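Worksheet: the structure to be examined is printed underneath.
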There are 2 protein chains.
Amino acid sequence: MESIVECDVVVIGAGISGLSAAWMLHKRDASLKVVVLEAKGRVGGRTETIKLKTGNGSMDFWDIGGQWVGSTQTHIIDVIKELGLATYKQFTDGTKLMQLGSYRVRSYKSEIPSFSLLGVLDLARFLHKVEQMRKTVDVFEPFECPEAKEWDKMTLDTFIQKTLWTEECKDSLIATSRTMLGCEPSQISLLFFLFYASAAGGLMPLIGNQEQSAQGMKVEGGTQQISQKMAKLVGEGAVLLNQPVVKVTQLADHVDVTTATNKLFRSKRVIFAVPPPQLGHIHFEPGLPYPKLNMIKRMPMGHLNKVIITYKHAFWKTAGLSGEAVMNGGPSPIAECSCGPLGIIMDATSVSGNPALVSFIASDQAVEWALQSADKRKSAVLKSLADLFGEDVFDCADYIEKEWSHEPYTMGAPIAIASPGTMAFLSEGLRKPFDKLHFAGTESATQWCGYMSGAVQAGYRAAMEVLYHVSPKAVTREDMVGTAYDQHKHKTRVIPRTKQPICPKFVKYTAIVAVVIGSLYITKRFKAGELLETLVKRFQNQ
Amino acid sequence: MESIVECDVVVIGAGISGLSAAWMLHKRDASLKVVVLEAKGRVGGRTETIKLKTGNGSMDFWDIGGQWVGSTQTHIIDVIKELGLATYKQFTDGTKLMQLGSYRVRSYKSEIPSFSLLGVLDLARFLHKVEQMRKTVDVFEPFECPEAKEWDKMTLDTFIQKTLWTEECKDSLIATSRTMLGCEPSQISLLFFLFYASAAGGLMPLIGNQEQSAQGMKVEGGTQQISQKMAKLVGEGAVLLNQPVVKVTQLADHVDVTTATNKLFRSKRVIFAVPPPQLGHIHFEPGLPYPKLNMIKRMPMGHLNKVIITYKHAFWKTAGLSGEAVMNGGPSPIAECSCGPLGIIMDATSVSGNPALVSFIASDQAVEWALQSADKRKSAVLKSLADLFGEDVFDCADYIEKEWSHEPYTMGAPIAIASPGTMAFLSEGLRKPFDKLHFAGTESATQWCGYMSGAVQAGYRAAMEVLYHVSPKAVTREDMVGTAYDQHKHKTRVIPRTKQPICPKFVKYTAIVAVVIGSLYITKRFKAGELLETLVKRFQNQ
């Protein structure tokens, strides 16, 4: 063991959350000695900006990790501004494509895939129901909502199968779950899904790509700059790379943190800002309380590979397409896999105008495709894209696939999701301090949980908790709102759910049959996408 | 790094599975150099035999880990005989107690709690349905059964809520899930539950305490002896304690295993015999295939604390009670917990006749109670027992509670269970070799998965796979049955499920009402327990 490094606060994890915490500590009390320990050889966590060859032979930057921000994500937007970075809009103009319910490729122009008339009604009804349900779920104490137990005991899939009628809608929900959460709807607690929507202010902000939605904007030059710039502000010497933490011992008046490199850091307080499953690899003395152990072991990381393909020309734009598509994988080009590799595709043209497409190989689809060689996967990706955008897709300048599930000390993407039967301990498991240990990380956020914005919010909250102890003059009572030391016990904002009128099943099914027959006649002459948007907007304003 | 230890096979984990593998390798080819690396300071894994003070002041042995075996568990029974150990019957004579559906304590004499007549019919119907379903689930490839996808996408809880009518039956299933699997029914895939029952030959063998059932017999002097004796037979120097493995690197012609003590073991093949989540803490080069990573991260360990209390007199026997009870926790003696701590209680009198009771604090009940002090928990346990057995329970000679969820390198008990949406990769995730790495452990067993018997079966199977490569003359084609090198591709034995006759809901509910009214008149004069056993037996013989 080398000599002991004494400091005030140790932050574990130099992703956006850990660095936000360290930066906030630094801003509030520059006299504090803060050390940030990062297991990897780089900062940024689940954000990583890489260089790819463009269509004209030069190099440009793309985000192979977290990429999008939205204007309602106030925490990250403020950080971006404060760091002198800029955002630009996700390109969405033009026709979008879908391959859901069947292998047929259809096109649409609204924000949400437009289905048959029955599909439209089905999805609108589903979104309305989810919106009504998620409004009863408080982001601080999701388990206190009236139907918490019932919703936590079932999978999102059980709810989808019970609620949706059409295969195209089910397909769209599966594709959404895979790309948004990196998991199958069967792997996630319905209550967690509702909580996740609540933390984003609704399901529409999560799935949309308008400026205010989760996929609305990108960061010029890439999102890893956020961490790089924060690390500089915290102080070059304060962020130590290649220091995986193996042991954390709490003693009467300090905490000892030991790294795999046999260094010992002694501090007053420690902030953890790592993906929840990573906590399971650290040896704690005394052991973590059961609510935390219980939560950690039932929150596996999602599985998401990201693919970026650069081109000389944005041929999709020339064809009047936005580059956006949502699909159920489509037919598999090889016998070993049950469907094609892709779920959602978007335009990824850089701020400098270098054309690219981005897509994801996610969840069980990814596990199946992982058993194939990288080459086979690449050719299947291009084949699927060709079905949508034509033969031009094969003529790419660069191609990269990042397997986040093999990234050391992250082991998955985009987030850790809660399995059914876990939510009773969510807030205690993820957010509550354990003596001198505090917990950040986007999964512990209450606003835009799972996103870069949530990472900042959680980092700031953990920093406030630590300041409360190590530098109480640096914080106000207002700073304590939402922390473990909130004076006003947070009141759960439960909104009672509107009960649906009793509708005998035969009436419902008769209506469905009528709609099916009706839609066969009407669909082609009716702008279904616009109807859907109208319905959705009406529901959201309720 | 110290010098390299060269050997033929490294076995990781000196529990029953790892030592069974090492012993089998040794028996088939004594010339092989086998090294068993154990992270803990003892052998036995999830079995541990401890000394407690008896009622007469002497010391005696009790199992604070895995304890019961049954006559149909052929693998462990054969090992017990071969090692010169003996078994004795679990004491079950006398009246049993239940506190299900409400706080009222009721008594019964049959093998299964006897409810109201409606409850009896409810449970019989449930057991019949589960038996019909689980018969379609093949133990080698559970995901190949016709309804696999549907059953894997829902929690056991969703199935229970859909199928059972009465609170007392739901309570009994919850208590069973908690003690048998260490988890809530909401945390487990229905398909995994059916697979688990199939691997035991049915649900009744799992929950019963007749000689052939899972709780039928105990081992004289304790089950840790099984591992201790196997370790001796493998060779004293071959089993190395306090050697946690941190890294496993597969190279062209050998595997390098590095321990936390900086020792390097170089071998031809490696067998892992650790609880699945522990694999997640080891750094693999190359990384584990996704089906394995996917399975490991969605198989959390159960949560089970075991309590043993010794007494001078078996006062329950004097009162004509067997000592067995099943409860929904009962009322909580403190405001902080929603119910009492216990689920299932059994007689634990040692082979020498020293009286004791054994009970379990399991799953979410345990998490809740873990937040209380050990003293508060002890007094709540005794208070719950007093409600059942009277004031004599307070006069105990010794009292021990083992928190398996804090046991290093085990971190839970009794087994790792599969969350919903995981079963597609069960066999590939748990059993399939990865190049030169082979996988044992009771979770990978196909007979009595999760039990000591499954641990032996899996250990033997992994040993055969390794012998196939390192000592092919030591194995026959028959030895390969059930291994990765099985010549005859295992044919899935799917038994089509008997479709139930269509029964309109109003007929069903009218019948329920009739039964409820009828049962009010009949229950007291009717031996409901015997009726249930008759029904269950009839169903099982179908």
Inset, instruction - State whether one or more residues within segment B:435-445 are surrounded by fewer than 21 Cβ atoms within 10 Å (Cβ to Cβ), in contact (Cβ under 8 Å) with a residue 60 or more places away in the chain and assigned to a loop (DSSP other than H, G, I, E, B). - result: yes
How many residues of segment A:257-280 are without any contact (Cβ under 8 Å) to a residue 40 or more places away in the chain and closer than 17 Å to A:PHE434 by Cα? The answer is 2
Checking A:ALA319, A:ALA335 in turn, the sole residue that is free of Cβ contacts under 8 Å to residues at least 24 places away in the same chain and either within 30 Å of B:GLU403 (Cα to Cα) or more than 14 Å from chain B (Cβ to nearest Cβ) (or both) turns out to be A:ALA335
Filtering segment A:314-334 for residues that are among the aliphatic types (A, V, I, L, M) and within 23 Å of A:MET180 (Cα to Cα) leaves a count of 4
When segment B:252-307 is checked residue by residue, the ones that are assigned to a strand (DSSP E or B), at the interface with another protein chain (Cβ under 9 Å from one of its Cβ atoms) and buried (at least 24 other Cβ atoms within 10 Å of the Cβ) are B:MET301
- Query: Does segment B:33-55 contain any residue that is surrounded by fewer than 21 Cβ atoms within 10 Å (Cβ to Cβ) and in contact with a Cys (Cβ under 8 Å, 6 or more places away or on another chain)?
  - Reply: yes
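Every residue, every condition in (1) acidic (Asp, Glu); (2) more than 26 Å from the chain's Cα centre (by Cα); (3) surrounded by 18 or more Cβ atoms within 10 Å (Cβ to Cβ); (4) under 25 Å from A:TYR103 (Cβ atoms), yes or no:
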residue	(1), (2), (3), (4)
A:VAL367	no, no, yes, yes
A:GLN372	no, yes, no, yes
A:ARG377	no, no, yes, yes
A:SER384	no, no, yes, yes
A:PHE389	no, yes, yes, yes
A:ASP392	yes, yes, no, yes
A:TYR409	no, no, no, no
Restricting attention to segment B:242-279, the residues that are farther than 22 Å from B:ALA458 by Cα and within 28 Å of the chain's Cα centre (by Cα) number exactly 3
Pairs returned, first residue in segment A:359-375 that is more than 9 Å from every other protein chain (Cβ to nearest Cβ), second residue that is β-branched (Val, Ile, Thr) and in a helix (DSSP H, G or I), beta-carbon separation under 6 angstrom, 6 or more apart or interchain, are A:PHE360/A:THR179; A:ALA362/A:THR179
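Every residue, every condition in (1) closer than 23 Å to B:SER419 by Cβ; (2) in contact with a strand residue (DSSP E or B) (Cβ under 9 Å, 6 or more places away or on another chain), yes or no:
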| residue | (1), (2) |
| --- | --- |
| A:TRP369 | yes, yes |
| A:SER379 | no, no |
| A:GLU391 | no, no |
| A:PRO408 | no, yes |
| A:ALA416 | yes, yes |
| A:LEU430 | yes, yes |
| A:PRO433 | no, yes |
Sole miss for A:GLY421 among (1) more than 14 Å from chain B (Cβ to nearest Cβ); (2) more than 15 Å from A:PRO341 (Cα to Cα) is condition (1)
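How about segment B:91-102: which of its residues are surrounded by fewer than 24 Cβ atoms within 10 Å (Cβ to Cβ) and not acidic (Asp, Glu)?
The initial filter retains those residues of segment B:91-102 that are surrounded by fewer than 24 Cβ atoms within 10 Å (Cβ to Cβ), namely B:91-95, B:97, B:101-102.
If the condition is that a residue be surrounded by fewer than 24 Cβ atoms within 10 Å (Cβ to Cβ) and not acidic (Asp, Glu), then B:PHE91, B:THR92, B:GLY94, B:THR95, B:LEU97, B:GLY101, B:SER102 are the ones that fit.
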Test for A:PHE360: is it of a type outside the set (Gly, Ala, Ser) and over 26 Å from the mean Cα position of the chain (by Cα)
no
Scanning segment A:147-159 residue by residue, those within 24 Å of the chain's Cα centre (by Cα), at the interface with chain B (Cβ under 9 Å from one of its Cβ atoms) and assigned to a helix (DSSP H, G or I) turn out to be A:ASP152, A:ASP157, A:THR158
Note to self: Given the condition at pLDDT below 95 and crowded, with 22+ Cβ neighbours inside 10 Å, answer yes or no: does some residue in segment A:159-168 qualify?
What the structure shows: yes
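Scan segment B:65-84 for residues that are in contact with a Leu (Cβ under 9 Å, 6 or more places away or on another chain) and buried (at least 21 other Cβ atoms within 10 Å of the Cβ) and jot them down.
Step one: of segment B:65-84, the residues in contact with a Leu (Cβ under 9 Å, 6 or more places away or on another chain) are B:79, B:83.
Listed by number, the list holds a single entry, B:VAL79.
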Over segment A:318-331, the set of residues polar (S, T, N, Q) and crowded, with 18+ Cβ neighbours inside 10 Å is A:SER322, A:ASN328
Would segment B:203-221 turn up any residue that is farther than 29 Å from B:GLY84 by Cα, surrounded by fewer than 20 Cβ atoms within 10 Å (Cβ to Cβ) and of a type outside the set (D, E, K, R)?
no
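The values are calculated or read from the model by the stated rules, or taken from the named source; none is laboratory data. It should be emphasised that the depicted structure is a prediction, and the values quoted were computed from it without experimental measurement. Cβ coordinates were reconstructed from backbone atoms using ideal geometry, including for glycine residues, and neighbour counts include every protein chain displayed.
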